[in-house]
Amino acid sequence: MARRLTKLAVGAAAAAVAVWAVKDIPTQMGASPLEGERGDRVRRSPQWREGKFRNSVPGSSVPTGGPKLLREALRRQPDRKPSGPVPVVTAPPSPSPESDSAGSLHITWYGHASAMVEIEGATVLLDPVWSDRVSPSQLVGPHRLHPVPVPLSELPTIDAVVISHDHYDHLDLATVMYLAEHQTAPFLVPLGIGAHLERWGVPADRIVELDWHDSTTVAGIRFVLTPARHFSGRGFSRDQTLWGSWVIAGPSRRVFYSGDTGYFGSFADVGREYGPFDATLVQIGAYGEGWPDIHMTPEDGLRAHLDVRGGLLIPVHWCTFVLAFHAWSEPVERLWQQAKEQGVTLVVPRPGERVDVDAPPEPDPWWQAIA
């Protein structure tokens, strides 16, 4: 009898969790950006045509390949995940006064596309995702292959939170809500994404929405939203919010973050107008034959880095979630080979590892031991 009651209690708890998760999905999907003054500004954007935002270079955001794509999705492939634990750095080394001088530049990659940029006295958080799954529900969807290196509570004071677009692996409800409550930094986002943030409790005066080539200055750092070739959407409608890449420019140091994007000619324009850059964070993973227009291959990522006139290259958008059919280590292995052949300075940090851009560590293919 006791065992039966225990089973019933467990079943009831599971059902309650499932109901909560389903109720939470509408909140996860965010809000429409087409109401009121925000909607007017969205519709005035040069990127808004025929009822949605458009890429400057047309391309498909719908995967192609039909039966082949379905076979790949259903095929079990052990190499899509690492063979052992991903080495995570939970406590970066204590910086020296020299390395944290006024003109210093440090970058910490936390996994996937989440990173912290410490640039000339300001601290910037890029696409922070601390949840276990990148999905409208924490019960299903892609889950972490390694733990988050540090809890949100251990982050330093953040001066700006920068978002590239509204997909679940870049805009995370739980993380946004925590930062809204425990930090005072503004959220810098592409047009329309402010509707999601306001629904989640971010005060309107902490939301800065930008169109391509718009800029704002926070803590002495200039932020410019630059074009990307991608798409957006959290619910049943697509492309109601804008996407983009980012220029982060201090008085003397500059960083470029690609966001999610296919390769296109705008990178060269960014390099001419805003470069050169001391460092770039470039998307290299989650590519596939069925969606060539919206995610770069590793070789594309290297070309983008060169186009924007980048110095140190730090690859992102790999390692943490399984979002495509390629092997887990394939993106970084291909980039590693290309960088050596073309003489590009590359650092592949372990998640949580703080990189001094002026004194990058020696190359270390740590991923090969668990590929």
(message) Need the full-extension length gain, GLU362 to ARG80, defined as separation in residues times 0.36 nm minus the C-alpha distance. One decimal, nm.
(response) 98.8 nm
(message) Place a point 7 Å from the Cα of VAL322 along the Cα-to-Cβ direction; which residues of segment 135-179 have their backbone N under 15 Å from it?
(response) 140-146
(message) List the residue ranges in the chain for DSSP H helices whose C-alpha atoms run 30 angstrom or more along the long axis and whose Kyte-Doolittle average is 0.5 or above.
(response) 2-28
(message) So for each of 237-245, 81-89 I average, over its residues, the number of other beta carbons within 10 Å; can you give me the resulting order with the highest mean first?
(response) 237-245, 81-89
(request) Name the most mobile residue of THR217, THR320, THR226, meaning the one with the largest mean-square fluctuation, in a Gaussian network model of the chain with Cα contacts below 10 Å. (result) THR217
(request) Counting helices only, and only those DSSP H runs with n ≥ 4, report the 222 nm mean residue ellipticity of the chain as the sum of -39,500 (n - 2.57) divided by its residues, in deg cm²/dmol to the nearest 500. (result) -7500 deg cm²/dmol
(request) Quote the FRET efficiency, to the nearest 0.05, computed for HIS182 versus SER252 with a Förster distance R0 of 30 Å and r equal to the Cβ-Cβ distance. (result) 0.45
(request) Would you work out which of PRO156, PRO349, VAL255 lies farthest towards the positive end of the dipole of segment 104-358, given +1 charges on the beta-carbon of Lys and Arg and -1 on that of Asp and Glu, about the Cα centre? (result) PRO349
(message) Students often check this: by mean Cβ neighbours within 10 Å, which of 120-127, 266-273 ranks highest, and how do the rest follow?
(response) 120-127, 266-273
(request) Please identify, among VAL57, VAL140, VAL218, the residue showing maximal mean-square fluctuation in a Gaussian network model of the chain using a 10 angstrom Cα cutoff. (result) VAL140
(message) Full-extension gain between VAL140 and ALA204, please, as 0.36 nm times their residue separation minus the C-alpha to C-alpha distance.
(response) 19.9 nm
(message) Along its three principal axes, how long is the chain when you only count alpha carbons? Whole Å, largest extent first please.
(response) 70, 53, 48
(message) Taking R0 as 41 Å, what FRET efficiency do you get between THR345 and ASP214 from their Cβ-Cβ distance, rounded to the nearest 0.05?
(response) 0.85
(request) Please state the charge dipole magnitude for the chain, taken about the Cα centre, from unit charges on C-beta atoms (+1 on K and R, -1 on D and E), reported in debye and rounded to the nearest 20. (result) 1560
(request) Starting from the coordinates of the alpha-carbon atoms of segment 146-270, obtain the Kirkwood hydrodynamic radius over all distinct pairs and give the value in Å to one decimal. (result) 15.2
(request) State, to one decimal in nm, how far the label point of ALA371 lies from the label point of ALA102, with both points 7 Å from Cα in the Cβ direction. (result) 4.4
(request) Return the single residue from LEU313, LEU188, LEU139 with maximal mean-square fluctuation; model: Gaussian network over the chain, springs between Cα atoms under 10 Å. (result) LEU139
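Each value in this text was obtained by applying a stated rule to the coordinates, not by laboratory testing. These numbers were taken from a predicted model, which means no experiment stands behind them. Cβ coordinates were reconstructed from backbone atoms using ideal geometry, including for glycine residues, and neighbour counts include every protein chain displayed.
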